[in-house]
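The values are calculated or read from the model by the stated rules, or taken from the named source; none is laboratory data. Since the structure is predicted, the reported quantities are computational estimates derived from the model, not experimental observations. Backbone-built Cβ (ideal geometry, glycine too); neighbour counts: all protein chains shown.
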Amino acid sequence: MTLDKILFYLYKRKNYLLIKILLYLFYFFYIFIGFIIGFKFKEIKKRIYFALRDHTFKKNNRIFDYHLAISDNLYQNLKENFHSKEIFYLQPFIGEEFINKLKKKNSKYNILFFTGNKTPYRDLYVKEIDKNLFSNHFYKTHKNKFRNHKLFENKLNFDFIYSDENIVKKLFKHYRYDYKIKPQGFELYIPQRKGWQFLSPMRTIRSINSFSIPLNVGNFKDSFYKDLSINVCSVDYFIKNFDSLFYSYKKSISYKSLLFNEISEIKLDFFLKRINN
């Protein structure tokens with residue numbers, strides 16, 4: 001019996017006292033081994049979560065008629081590992097409102113923000129960003145710290161915020177209502193850990209739906225979602241080359257969105273024909 005099967009067996013029966021004790025002993029063993037290897041506690045916790053999730057999928061995937069993936073990278077992985085003809089890739093459509101609003105934007109005021117899961121790698125990455133490139137650099141800050149900050153006083157008029165979604169929304173509202181400024185948002189995507197190669201389609205689409213521009217920093221596998229984003233090697237590079245990157249993105253996004261939507265339509269039509277046969 002493999003470790004994931006042992007973990008699933010114990011977790012499913014954790015209401016029994018003896019099983020619960022064995023489960024905690026398993027956790028202790030896994031954490032102990034993890035620390036020896038060099039994992040952080042958060043990484044170990046996440047590995048346990050994904051082991052349970054993956055095992056559940058393997059155990060129950062046959063009860064479904066169809067499997068839908070909204071990530072092209074995930075779709076390829078499923079096709080390679082499960083060899084099912086009933087796995088389909090679907091992706092959303094990009095509305096014209098995003099493009100129309102973007103065309104009206106200038107680069108006068110900008111906010112670069114991150115609201116995703118705060119992993120040790122992401123924490124370290126943000127701490128090493130050159131703070132002098134920004135008018136304000138908010139690191140996991142409380143909303144009240146916005147009150148007495150400098151108002152876009154650097155050359156590119158950029159703020160940086162690494163916090164949760166509610167705090168970011170309050171900063172945008174603070175500028176909009178208190179200063180009558182509507183900054184352009186750039187939602188940052190940093191790899192979860194060193195060597196992580198996969199983009200987050202959900203975060204990319206969420207950025208676009210909130211009229212922010214997705215900004216991917218790192219080396220990621222090819223994906224249709226990369227064409228909807230600005231892709232750079234580092235935040236410092238993005239800031240120092242901002243004008244050309246922003247201009248290029250605005251110039252090309254209409255055509256790239258059109259191609260993305262064409263692929264979305266092809267994938268949807270293929271799926272609908274398959275389930276209607």
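When you go through LEU245, LEU188 one by one, which is the residue that is without any contact (Cβ under 8 Å) to a residue 60 or more places away in the chain, at negative phi and hydrophobic (A, V, I, L, M, F, W, C)?
Just a single option satisfies the conditions, and that option is LEU245.
Answer with yes or no whether LYS194 is in contact with a strand residue (DSSP E or B) (Cβ under 9 Å, 6 or more places away or on another chain), at pLDDT below 95, farther than 16 Å from TYR109 by Cβ and of a type outside the set (A, V, I, L, M, F, W, C).
So LYS194 fails the test.
Could you identify the single residue in PHE160, PHE211, PHE224, PHE242 that is assigned by TED's automatic domain parsing to the domain that holds LYS140 and either modelled with pLDDT under 90 or over 17 Å from ILE111 (Cβ atoms) (or both)?
Answer to the check: PHE224.
Which of (1) within 30 Å of SER234 (Cβ to Cβ); (2) modelled with pLDDT under 65; (3) aromatic (Phe, Trp, Tyr) does TYR125 not meet, given it meets every other one?
Here TYR125 clears every test but (2).
Quick check: is even one residue across region 135-151 in the same structural domain as ARG193 (by TED's automatic domain parsing), part of a strand (DSSP E or B) and at pLDDT 85 or above?
No, region 135-151 has no match at all.
Filter region 98-112 down to the residues that are under 16 Å from LYS256 (Cβ atoms) and not basic (Lys, Arg) and list them by number.
PHE98, ILE99, ASN100, LEU102
Residue-wise test of (1) polar (S, T, N, Q); (2) over 21 Å from ARG203 (Cβ atoms).
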site: ILE239; (1), (2): no, no
site: TYR249; (1), (2): no, no
site: SER257; (1), (2): yes, no
site: GLU265; (1), (2): no, yes
site: LEU268; (1), (2): no, yes
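Looking at TYR109, TYR121 in this structure, which one is within 29 Å of SER252 (Cβ to Cβ), out of contact with any Gly (no Cβ under 8 Å at 6 or more places or on another chain) and surrounded by 14 or more Cβ atoms within 10 Å (Cβ to Cβ)?
After applying the criteria, what remains is TYR109.
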